[in-house]
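Asks: Got a structure for you, questions after.
The values are calculated or read from the model by the stated rules, or taken from the named source; none is laboratory data. All figures in this text were calculated on a predicted structure; none of them were measured in a lab. For neighbour counting, all protein chains shown are included, and Cβ atoms are generated from backbone atoms with ideal geometry for every residue, glycine included. For accessibility, only protein heavy atoms count, side chains too; no ligands or nucleic acids. Shrake-Rupley method; radii C 1.70, N 1.55, O 1.52, S 1.80 Å.
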Amino acid sequence: MLQNCLQEQAPIQLPQTTCAIRPQVSLAPLTTLRVGGIAQWYSAPRDPLEMRICLDWAKREGFPITLLGAGSNLLISDQGLPGLVLSSRYLRGSVFDEETGQVTASAGEPLPRLAWAAARRGWEGLEWAAGIPGTVGGAVVMNAGAQGHCTADILVQAQVVDRHRTLNLTPQHLNYRYRTSCLQGDGRLVTQATFQLRPGADPQTVMANTSRKLDYRKSTQPYHLPSCGSVFRNPDPAKAAGWLIENTGLKGYQIGSAQVAHRHANFIINQGGATATDVFQLLHHVQTQVWQKWSLRLEPEVRILGNFPTLLPTF
């Protein structure tokens, strides 16, 4: 357990940075599901240069690296994460270019805030993002989407860094598919992204449309309780994951304090005091039951990080 590894370690202040690298930081409060163990080391850089300096430090130490955005779409083990966890929470800001109709936003910029900023200008194209509890960086990596729209539809380019250089990648480079890209788990970190929007609409109309889409999400998804968002990818356009889970009779099914949500069956909620293991075991149970009833394997959309109990395959 990481909790026993670093009792005497002190924070490290790297040259040319204002952010410390801290040992033994609890990750549960930094995720929307509110579960998970500690980070062996944690830092929240203020700009891409600090991000690169932290990456260089991790490389010298031989540490694995995990990037944490808003902490949504994420299930972190109760045993925590080894190496360095880098948060993009302070990499915020956006610039709207009136001539091109493009907006460039930092990786840690919350998607809802960017969507509303665009709506107030009368720029169309991000209305669907107002209810997604994630960041620009996470949206680029996971091809986030809702209500028939997705990040790949509007992305112009993404700036990423690795341990050696900075690259600008187009959607063609990212091998976008449903709720995933080649960036997922490959070690490159998004620092900013540029999106093509449609300026010139009436701001009141765009804001009203954005509000309607947000209200729809709130009425159909359990926003009032901690969750990681949609747990599974839709395996079939005609049979969404939520429909399959609901029609397997699993709404309300519970392990520990983790429960399949009544409001939307493709959400697992933390009713208070749930562990990551509770969630993981419930996820596996849902997969098993859906396979037995429909002969369809549900693939997790949520990123599962760290070590979990080994469960015997049942499908």
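Asks: Summing Lys, Arg as +1 and Asp, Glu as -1, what charge do residues with Cβ under 15 Å from the Cβ of PHE308 carry, PHE308 excluded?
Replies: Every neighbour counted, the sum reads -1.
Asks: Roughly how many nanometres apart are two label points built 7 Å out from the Cα toward the Cβ at HIS164 and ARG198?
Replies: A separation of 4.2 nm, rounded to one decimal place.
Asks: Taking a quarter of the surface of the convex hull around the Cα atoms of the chain, what do you get in nm²?
Replies: Directional mean of the projected Cα hull area for the chain stands at 16.8 nm².
Asks: Can you give the local net charge around GLN271? Use residues other than it whose beta-carbon is closer than 15 angstrom to its beta-carbon, Lys and Arg +1, Asp and Glu -1.
Replies: Local net charge: +2.
Asks: Against the empirical 2.2 N^0.38 Å scaling, what ratio does the C-alpha Rg of the stretch 109-158 come to?
Replies: My calculation over the Cα atoms of the stretch 109-158 gives 1.01.
Asks: Note down the nm distance, to one decimal, between modelled labels 7 Å out along Cα→Cβ at ASN209 and at HIS224.
Replies: Placing both labels 7 Å along Cα→Cβ, they lie 3.1 nm apart.
Asks: Considering only protein heavy atoms and a probe of 1.4 Å, how much of the accessible area of the stretch 18-175 is carbon and sulfur, as a whole percent?
Replies: 47 percent
Asks: Related question: Do the sum for the chain: with -39,500 (n - 2.57) for every DSSP H run of n ≥ 4, divided by all residues, what is the mean residue ellipticity at 222 nm, to the nearest 500 deg cm²/dmol?
Replies: Mean residue ellipticity at 222 nm (helix-derived): -7500 deg cm²/dmol.
Asks: In percent, what relative contact order does the chain have, based on Cα pairs under 8 Å that are 6 or more apart in sequence?
Replies: 16 percent
Asks: In addition: Per residue of the stretch 290-297, in order, report the coupling 6.51 cos²θ - 1.76 cosθ + 1.60 (Karplus, θ = phi - 60°) as ³J(HN,Hα) in whole Hz, putting x for Gly and Pro.
Replies: These are the phi-based 3J(HN,Hα) values: 5, 4, 5, 8, 10, 6, 10, 8 Hz.
Asks: To one decimal place, what orientation-averaged projected area in nm² is obtained for the convex hull of the Cα set of the stretch 113-264?
Replies: For the stretch 113-264, the mean projected area of the Cα convex hull comes to 10.7 nm².
Asks: Quick check: net charge around HIS164, other residues with Cβ under 12 Å of its Cβ, Lys/Arg +1 and Asp/Glu -1?
Replies: Taking every other residue near HIS164 into account, the sum is +3.
Asks: List the longest stretch of the chain that has no exposed loop site; here a site is one of the trypsin sites (Lys or Arg not before Pro) assigned by DSSP to anything other than H, G, I, E or B, with at most 12 other Cβ within 10 Å.
Replies: 1-164
Asks: With +1 on each Lys and Arg Cβ and -1 on each Asp and Glu Cβ, how big is the dipole of the chain about its Cα centre, in debye rounded to the nearest 20?
Replies: My answer is approximately 320 debye.
Asks: Quick one: how many lysine pairs does the chain have with C-alpha atoms less than 23 Å apart and a gap of 8 or more or different chains? Give me the count, please.
Replies: 6
Asks: If I model a spin label as a point 7 Å beyond the Cα along the Cα-Cβ vector, how far apart are those points for GLN9 and ASP153 in nm?
Replies: For GLN9 paired with ASP153, the spin-label model returns 4.3 nm.
Asks: Something else: Tell me, what is the Rg over Rh of the stretch 199-287, with Rh the Kirkwood radius over Cα pairs?
Replies: In the stretch 199-287, Rg relative to Rh is 1.11.
Asks: Given the stretch 42-117, report the % of alpha carbon pairs whose separation exceeds 17 Å.
Replies: 54 percent
Asks: In the chain, which longest range has no GluC sites (Glu not before Pro) that are both DSSP loop (not H, G, I, E or B) and surrounded by at most 15 other Cβ atoms within 10 Å?
Replies: 100-315
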